[in-house]
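Computed from the coordinates by the stated procedures, all read-outs in this text should not be read as laboratory data. Treat the numbers as computed from the prediction; the structure is a model and nothing was measured. Here the Cβ is made from the backbone with ideal geometry for all residues, glycine too, and neighbour counts use every protein chain on show.
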Amino acid sequence: MRKVELAAALSREGFNCAQAVIGAYGPELGLSRDLAMGVAAGFGGGLGRTAGVCGAVSGAVMALGLRHGARAGADTDTKERAYALTKEFLARFTARHGTVRCRELLGVDIGTPEGLARARAEGMFKTLCPDFIRTAAELLEEMLERGGEAVNG
């Protein structure tokens, strides 16, 4: 199963957007699925359901860090490359969806009881979020296959 499809399947199983993305990619990057799911648990709903940065975006950034992140504090070159790749990912996701912020992607603030109730009632997590997960996974897959060089970094 392609990683993009695995991310979609994990979402259908009930995992949040961040868990779906890092759960699909983490194991090939040295993070067990169990640990990936635990680490990403609080990133759903735009960071603890505050409607901030989309969980799928957060999961993808975690995966980029696993592949390209600095392992030593003094490794500034690697740190800068990871930042450049993250900026590229954010720009590419934004180009497709107009934003990386959950409240703007959904058109409702799920950080409020009223917004969350509306999102649930309208099935947004099942109708809108899968597209964001798919985009994040597709972009991540392209970037991981390309290697560690940022296009504009």
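According to the square roots a ≥ b ≥ c of the eigenvalues of the Cα gyration tensor, what is the shape class of the stretch 4-50, taking rounded for a/c under 1.5, prolate for a/b larger than b/c otherwise, and oblate for the remainder?
Here the stretch 4-50 falls in the oblate category.
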Karplus-derived 3J(HN,Hα) from phi for the stretch 127-135 (6.51 cos²θ - 1.76 cosθ + 1.60, θ = phi - 60°), whole Hz, x at Gly and Pro, runs 9, 9, 4, x, 5, 5, 5, 4, 4
In order over the stretch 32-42: 3J(HN,Hα) from phi, Karplus 6.51/-1.76/1.60, θ = phi - 60°, whole Hz, x for each Gly or Pro, gives 4, 4, 4, 5, 4, 5, x, 4, 8, 3, x
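Taking 0.36 nm per residue of separation and subtracting the Cα-Cα distance, what length does fully extending T99 through L35 add?
Result for the pair: 20.2 nm of gain on full extension.
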The long-range amide H neighbours of R101, using H built 1.01 Å from N in the peptide plane and a cut-off of under 5 Å, are C54
Among trypsin sites (Lys or Arg not before Pro) in the stretch 55-153, those in a DSSP loop whose Cβ has at most 13 other Cβ atoms within 10 Å are R71
Between A117 and R2, the two model label points (7 Å from Cα along the beta-carbon direction) sit apart by a distance in nm of 4.0 nm
The distance between the Cα centres of the stretch 48-67 and the stretch 87-153, in whole Å, is 9 Å
Residue-normalised 222 nm signal for the chain, counting each DSSP H run of n ≥ 4 as -39,500 (n - 2.57), nearest 500 deg cm²/dmol, is -19500 deg cm²/dmol
Inverse of <1/r> over all distinct C-alpha pairs of the stretch 37-146, i.e. the Kirkwood Rh in Å, gives 14.6 Å
